Amino acid sequence: MSTKLPEWLTIIRGDAPLVVSLPHTGIDIPTEYERGLVSPWLARKDADWWIEQLYDFSAGLGATVIRTTVSRTVIDVNRDPSGVSLYPGQATTELCPTTTFDGEPLYEPGTEPTTAEIAERRTHFFDPYHAALRAEIERLRSKHSNVVVYDCHSIRSVIPRLFDGTLPHFNIGTNGGATCAQPLSDAIEKIFIGSGFSHVINGRFKGGYITRSLGKPEAGVHAVQMELACRGYMREPLGPVSKGQWPTPYDEDYAAPMRSALSLILQTCLTFAQSKA
């Protein structure tokens, strides 16, 4: 892969057998993609707020960190580009979302991205992000027998359109155990149990396209998605949110307990990859 990257794509390369993916932390909406949007705030509402700060210790572990600064409203790099739903029968958003998680229209009627515009966005953003992930995995697999891909996410704790009740603090997705070896999932769950936070494995969020397309444990690539409930690391108002109320500022002290647990989880991912022959 060329060493010259597009401005919206950041790669911090490490040599440890761990790739940390940050696909939804971006809030940039280039001018050419603003046409028809109801409001800039609504277009950024469903970002994975402050996750890049919560995990900013990752590079210090020797992990390779890959991030896009582009908003998921422009294109969601964690959706199946074929258009097939990752969660059949359940509410979700598209490759180029037309609604928020709460079901609010993102675009004025008739201004939604066309098929040609979606294809252009895929070529410009989606394909390079996934090419970067594959290239870094290949680079690390040349050095290590096993590599863990850890896909970082967060979401508001209460979104009735997407799930019932209040989401657990930690939500690990491995597509029902298909994307990583069971011992890794078990080791992560032990940290959950000792953390004091609630958790579920393969609950509402079983892993998006990144986890499902890259996780091939039989080939030495173990992928897990971590969906965090926002209240675990930020002062989240539960329920509907409005402009001026969301997002709340990042508070290092408030985030510290969850950050501590996440540090243990990433170290556990590293130990798992390094201990497998």
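The values are calculated or read from the model by the stated rules, or taken from the named source; none is laboratory data. Computed from a predicted model, the values in this text were never measured in an experiment. Note: ideal-geometry Cβ built from the backbone for every residue, glycine included; neighbour counts use all protein chains shown.
Tallying residues that are buried (at least 24 other Cβ atoms within 10 Å of the Cβ) and small (Gly, Ala, Ser) within the range 155-188 yields 1. Listed by first and then second residue, the pairs with beta-carbon distance under 7 Å, at least 6 apart or on different chains, first residue in the range 84-105 and over 27 Å from Thr174 (Cβ atoms), second among the hydroxyl-bearing types (Ser, Thr, Tyr) and modelled with pLDDT of 80 or more, are Thr98/Tyr107; Thr99/Thr93; Pro105/Thr98; Pro105/Thr99.
What are the residues in the range 94-117 that are outside any loop (DSSP other than H, G, I, E, B) and out of contact with any Gly (no Cβ under 6 Å at 6 or more places or on another chain), if any? Break it down into steps so the answer makes sense when it comes.
If we filter the range 94-117 for residues that are outside any loop (DSSP other than H, G, I, E, B), which is where we start, we get 99, 105, 107, 115-117.
Those that are outside any loop (DSSP other than H, G, I, E, B) and out of contact with any Gly (no Cβ under 6 Å at 6 or more places or on another chain): Thr99, Pro105, Thr115, Ala116, Glu117.
Please find, within the range 19-30, the residue that is surrounded by the most Cβ atoms within 10 Å (Cβ to Cβ) out of those that are under 15 Å from the mean Cα position of the chain (by Cα) and assigned to a strand (DSSP E or B). So, considering only residues that are under 15 Å from the mean Cα position of the chain (by Cα) and assigned to a strand (DSSP E or B), the one surrounded by the most Cβ atoms within 10 Å (Cβ to Cβ) is Val19. Within the range 22-57, the set of residues being more than 21 Å from Pro247 (Cβ to Cβ) and polar (S, T, N, Q) comprises just one member, Thr31. In a residue-by-residue description of the range 224-239, the property of being over 18 Å from the mean Cα position of the chain (by Cα), touching a residue at least 12 places away in the same chain (Cβ under 8 Å), part of a helix (DSSP H, G or I) and surrounded by 13 or more Cβ atoms within 10 Å (Cβ to Cβ) applies to no position.
From the list Ile137, Ile172, Ile188, the lone residue that is touching a strand residue (DSSP E or B) at 6+ places or on another chain (Cβ under 9 Å), assigned to a helix (DSSP H, G or I) and closer than 18 Å to Leu54 by Cβ is Ile188.
Across the range 91-123, which residue is surrounded by the fewest Cβ atoms within 10 Å (Cβ to Cβ) among those that are of a type in the set (S, T, N, Q) and modelled with pLDDT of 95 or more? In this case the residue turns out to be Thr115. Looking only at residues in the range 31-73 that are part of a strand (DSSP E or B) and of a type in the set (Ser, Thr, Tyr), which one is nearest to Arg259 (Cα to Cα)? The selected residue is Thr64.
Please enumerate the residues belonging to the range 240-260 that are in contact with an Asp or Glu (Cβ under 7 Å, 6 or more places away or on another chain) and either without any contact (Cβ under 8 Å) to a residue 12 or more places away in the chain or assigned to a strand (DSSP E or B) (or both). Scanning the range 240-260 gives no hits. Contact list please: Cβ distance under 8 Å, first residue in the range 148-160 and touching a residue at least 40 places away in the same chain (Cβ under 8 Å) and closer than 12 Å to Phe205 by Cβ, second residue hydroxyl-bearing (Ser, Thr, Tyr) and part of a loop (DSSP other than H, G, I, E, B), pairs at least six apart or on different chains. Taking only residues 6 or more apart or on different chains, the pairs are Ser154/Tyr233.
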